[in-house]
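No lab work stands behind these numbers, since they all come straight from the coordinates. Remember, predicted model here, so these are calculated numbers, not experimental data. Backbone-built Cβ (ideal geometry, glycine too); neighbour counts: all protein chains shown.
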Ligand SMILES: CC(C)(COP(=O)(O)OP(=O)(O)OC[C@H]1O[C@@H](n2cnc3c(N)ncnc32)[C@H](O)[C@@H]1OP(=O)(O)O)[C@@H](O)C(=O)NCCC(=O)NCCS
């Protein structure tokens, strides 16, 4: 899985990615996310997710605190879901964070988004007990385990 910038060459295809109808309440449209990224630049970064040559998803990352990489949006196109690409996308985002010396991934999700919650929990995200508006906050510690 590769994370690539959203550019004049791929932004139309990124905007055309979509989730299943019943998932629409779980994530903003990619069009909205690209607008958010423009407004909150350069702290927000929109990225296209590629599996080989295939554009399969999108994420919007936010860098505010030095130790944390915040995942504002994360989606896999409905035609590409269920193939393990969500998990691979998270792994690619974790690599980016580690490469920048960050020790934590954070995100929030709509209560009732069971698939995303299951994916995040399996990846190592834990609920913090906090809410961000109506959304459940989850964090994942990237600090490598220490072996004395
Ligand atoms: C959440 C999302 C990114 C997962 O993407 P994905 O590529 O389907 O994820 P994966 O194929 O890696 O599957 C992850 C897990 O969810 C499970 N899963 C995937 N689709 C599922 C479905 N429709 N029903 C039940 N479980 C499902 C998989 O079995 C897998 O669990 P496993 O590792 O125990 O087998 C995708 O469903 C999506 O884009 N949803 C809409 C947007 C959204 O909710 N984003 C998150 C906002 S916080």
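In percent, what relative contact order does region 24-148 have, based on Cα pairs under 8 Å that are 6 or more apart in sequence? Don't jump to the answer; show the numbers that get you there.
Numbers: 178 pairs, mean separation 22.5, N = 125.
Rounded, it is 18 percent for region 24-148.
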Using a Gaussian network model of the chain with C-alpha springs under 10 Å, which one of 68, 134, 36 is most mobile by mean-square fluctuation? 134
Value of D in µm² per second that Stokes-Einstein yields for region 2-141, Kirkwood Rh from Cα pairs, at 4 °C (1.567 mPa s): 85
Starting with the fewest neighbours, write out 7, 59, 29, 128 ranked by other beta-carbon atoms found within 10 Å of each beta-carbon. 7, 128, 29, 59
